[in-house]
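Here is the structure we will look at, set down as structure tokens.
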Amino acid sequence: MGKRAAHGGHGGAWKVAYADFVTSMMCLFMVLWLVGSDDQTKAAVQRYFKGEIEQQGRRGTKEYSQFKPYMTDVVDKASKDLLALQELTRAMERLRDQLKNSSEIGEDQIRFEFYADGMRIVAIDKSKRPFFNPGTSELTDFGKFILSTVAIVLERYPYTIEIEGHTQKNIGEGETDEPINLWTLSSDRALAAQKILLDGGISNNRFFRVIGYADRQPMENTPASSEDNRRITIIVRPSDADTIELIRDQIAAP
């Protein structure tokens, strides 16, 4: 009894072996079929595995045949956007290294934050090396230089751009003796930054939003009164929600 039971445990092994045999025979059949096929059939198979399909027109005649990409327009756009994002990321990383090695840039004054679907550039308006004249939206030569340099890189990539203006709390005490409307100041500074990017060749239709937040969004783990909150933030990302989701899926895929 014990021997028969032990033997019965292997009763399904022949099914696996048979399935492997059938699969091998199918592969052999496909190879032999392709070897004996004409050039037109081989080309059609090659186009299929390259992601193209042949759509037959009226009566299936050759003059009505048309080859179109197999991928949908949305997936194809996402792939192109992902490639552009990777190229833009590398370009921004080179720019970050160049700025970091420049004696003109204060330590940690220009920050680059990279995400799956875009990036964020934070330019902090330090007192020692200001982007704006105190209490105004007038850019200093240093601020114009930094933003113009960023524009040169961003102009080459078709991404949507958002610009945010931020101030520190009680900014009037540190910058000027006159009362300041922080909403107006932060908005005007965001618009001043946009003008530099426009002058740098970036088209107006690429801007999704230009907005000022006054002192309402201090940086994480930073006191509201810190000058680090006095900043311009440039956000770069695709505008199409479907494209963003597809890019995330492609990056997450093994």
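The values are calculated or read from the model by the stated rules, or taken from the named source; none is laboratory data. Remember, predicted model here, so these are calculated numbers, not experimental data. Ideal geometry is used to build each Cβ from the backbone, glycine not excepted, and the neighbour counts take in all protein chains shown.
Would it be correct to say that S148 is in contact (Cβ under 8 Å) with a residue 24 or more places away in the chain and under 13 Å from R230 (Cβ atoms)? No; evaluated as a whole, the condition is false for this residue.
For the range 92-101, the count of residues that are at pLDDT 90 or above, crowded, with 18+ Cβ neighbours inside 10 Å and either outside the structural domain of A224 (by TED's automatic domain parsing) or not small (G, A, S) (or both) is zero. Across the range 130-145, the number of residues qualifying as out of contact with any helix residue (DSSP H, G or I) (no Cβ under 6 Å at 6 or more places or on another chain) and on the phi > 0 side of the Ramachandran plot comes to 0. Taking the criterion of being within 25 Å of the chain's Cα centre (by Cα) and at pLDDT 95 or above, would at least one residue in the range 176-186 satisfy it? Within the range 176-186 (the criterion being within 25 Å of the chain's Cα centre (by Cα) and at pLDDT 95 or above), the answer is no, since none of the residues qualifies. Residues that are assigned to a loop (DSSP other than H, G, I, E, B) and either of a type outside the set (G, A, S) or touching a residue at least 12 places away in the same chain (Cβ under 8 Å) (or both) within the range 191-220 comprise G200, G201, I202, Y213, A214, D215, R216, Q217, P218, M219, E220, listed in sequence order. Filter the range 136-175 down to residues that are over 30 Å from the mean Cα position of the chain (by Cα) and at pLDDT below 90 and give me whichever is farthest from I121 (Cα to Cα). Restricting to residues being over 30 Å from the mean Cα position of the chain (by Cα) and at pLDDT below 90, the top hit is E173.
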